[in-house]
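The values are calculated or read from the model by the stated rules, or taken from the named source; none is laboratory data. Worth saying up front: this structure is predicted, and the values here are computed from it rather than measured. A quick note on method: Cβ atoms are made from the backbone with ideal geometry, for glycine too, and the neighbour counts reach across all protein chains shown. Calculation scope for accessible area: heavy atoms of the full protein, side chains included, ligands and nucleic acids excluded. Shrake-Rupley method; radii C 1.70, N 1.55, O 1.52, S 1.80 Å.
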Amino acid sequence: MSNNQTLLDRSLRSVWHPCTQMKQHETYPLIPIRRGDGVWLYDVDGKKHLDAVSSWWVNLFGHNNPRIKDAIRQQLDTLEHVMLAGFTHEPVVALSEKLAGLTGLGHAFYASDGASATEIALKMSFHYWRNIGKTGKTRFISLQNSYHGETMGSLGVTDVAIFKDTYAPLLIQSAQVPSPDSRLAEAGESAEDFALRCASVLEQYLAEHHAELAAFIIEPLVQCAAGMGMYHPVYLSRARAICSQYEVHLIADEIAVGFGRTGTMFACEQANIKPDFICLSKGITGGYLPLSAVLTTDAIYQAFYHDATVKGFLHSHSYTGNPLACSAALATLAIFETDDVVHKNKETSARIFEKMQVLTDLPVEHLRHQGMIFSFDVQTANQQFSRQCYQAAIAQSLLLRPIGNTVYFMPPYTITEPEIDFMVKVSHDVVKAVR
Ligand SMILES: *Cc1c(COP(=O)(O)O)cnc(C)c1O
């Protein structure tokens, strides 16, 4: 038995893999990865795969990144961890200062994954209204097809049936307003007009229900898990104005879209808005260590600042503000500064999208991009398209993970010209063969 086979068997016997019907691994084998370098993942047999999905959207500057590695190593020699209740340390303070500078929001609250960050924002919003005596504001709304994570609170505001329906009896109730995803626009209707039409439904909803609403949680500009649903920024500016008018918090879930992914450091910048809460994770450590953060306004922070203990935000996680994760985040932010990443990505983004035009000879629609997110929908009757496309791409050394009939690239920002050519060519061949 090869090393490869042994590891696969051990994994299937000992690991419960995420987002997976484990029985399907009887037919579709796991891929045992030994190491990574740049955009490449190398399996135990030495075969390489181009990581076109940045390992579930977390990796910004490639695997085996020397600068992030060095930062973690240095931190490792000083302090690996200390509880953040009653204690503080340089990496968490420095990171909080940097994030405040970038977002215009303050008092970063930390956790270790995205779902915990959205839970924290929901709890903080609810608790804020209680603290100021508006105890009727207890409910949340989100967009149709939204994704905010898998824990019970975050799943309560998620709107993806396959993840949510089984657990529906356990979840907080939330309402969904129409998604401005421009694929849903009517024929002849511009993305902007459609976004405005959706915003007017939001406005009606808030006019009726604002007294019981705590917050509107939204994925700014791109609903990634919904299949890279992109929308016009005017929706965000309208949502900001409407939420302010009706005293409903706006929570920006920038877990997937933050840190340069949509072409600006944060997606909200493209609508020139400041949310009441911002949730950050995924790319925050360059894909090195689990970390998430929620930042909010001084006014919201002040409503918790009180002699009464229970008016404080008594939420915690054991690894809150972990120094190693903070040092990885600081190194990641340093790369943005020294390498002028947001600016350079504009060229890379344009180049990738230009090369993707070869895909138009296939039956694809909605060929689209937003910064460093690229996507198209394949017209196919093949119910197994997503899995077969994944398998066919892997066989040709490309890691793609289509969502339904939506194929997307969310590559590390460091992807080079020949690697882009490879990614686009293999995708073209695979889509042609599988659809
Ligand atoms: C991935 C994601 C989450 C959840 O983050 P996890 O780290 O997987 O818990 C929440 N919101 C959005 C928009 C995401 O893409």
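With respect to Leu170, is the statement that it is within 19 Å of Phe126 (Cβ to Cβ) and open to solvent by 50 Å² or more (accessible area, probe 1.4 Å) true? So Leu170 fits the description; yes. Before we move on, is Ala52 at pLDDT 95 or above, in contact with a strand residue (DSSP E or B) (Cβ under 8 Å, 6 or more places away or on another chain) and away from the ligand (no atom under 16 Å from the Cβ)? So Ala52 fits the description; yes. Applying the condition of being farther than 15 Å from Pro178 by Cβ and more than 16 Å from the ligand (Cβ to nearest atom) to the range 210-239 and asking which residue is nearest to the chain's Cα centre (by Cα) yields Pro233. Sub-7 Å Cβ pairs linking a first residue in the range 249-261 that is closer than 10 Å to Pro220 by Cα to a second residue that is more than 12 Å from the ligand (Cβ to nearest atom) and among the polar types (S, T, N, Q), at least 6 apart or interchain, are Ile251/Ser125, ordered by first then second residue. Scanning the range 177-188 for residues that are open to solvent by 50 Å² or more (accessible area, probe 1.4 Å) and on the phi < 0 side of the Ramachandran plot yields a total of 4.
Has the range 401-417 got at least one residue that is touching a strand residue (DSSP E or B) at 6+ places or on another chain (Cβ under 8 Å) and at positive phi? The answer is no; no qualifying residue exists.
Under the condition of being open to solvent by 60 Å² or more (accessible area, probe 1.4 Å) and either touching a residue at least 40 places away in the same chain (Cβ under 8 Å) or within 12 Å of the ligand (Cβ to nearest atom) (or both), the residues counted in the range 112-133 number 4.
Right, Phe216: of a type in the set (Phe, Trp, Tyr) and either out of contact with any strand residue (DSSP E or B) (no Cβ under 8 Å at 6 or more places or on another chain) or on the phi > 0 side of the Ramachandran plot (or both) or not? Against the criterion (of a type in the set (Phe, Trp, Tyr) and either out of contact with any strand residue (DSSP E or B) (no Cβ under 8 Å at 6 or more places or on another chain) or on the phi > 0 side of the Ramachandran plot (or both)), Phe216 does not qualify.
So that you can scan it fast, the table gives a plain yes or no per residue for (1) open to solvent by 40 Å² or more (accessible area, probe 1.4 Å); (2) among the aromatic types (Phe, Trp, Tyr); (3) closer than 17 Å to Tyr110 by Cα; (4) within 16 Å of the ligand (Cβ to nearest atom):
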| residue | (1), (2), (3), (4) |
| --- | --- |
| Ala271 | no, no, no, no |
| Leu289 | yes, no, yes, yes |
| Ser292 | no, no, yes, yes |
| Leu295 | no, no, yes, yes |
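For the range 336-390, a tally of residues being over 23 Å from the mean Cα position of the chain (by Cα), open to solvent by less than 70 Å² (accessible area, probe 1.4 Å) and over 15 Å from Lys432 (Cβ atoms) returns 1. Beta carbons closer than 9 Å, at least 6 apart along the sequence or on distinct chains, pair a first residue in the range 4-31 that is within 20 Å of Thr151 (Cα to Cα) with a second that is charged (D, E, K, R) and surrounded by 13 or more Cβ atoms within 10 Å (Cβ to Cβ) for Pro18/Glu150; Cys19/Glu150. Across the range 273-287, the qualifying residues are those that are open to solvent by 30 Å² or more (accessible area, probe 1.4 Å) and closer than 19 Å to Ser116 by Cα, and the one among them that is nearest to the chain's Cα centre (by Cα) is Lys282. Residues that are away from the ligand (no atom under 16 Å from the Cβ), modelled with pLDDT of 95 or more and farther than 27 Å from Arg261 by Cα occur in the range 152-167; there is at least one.
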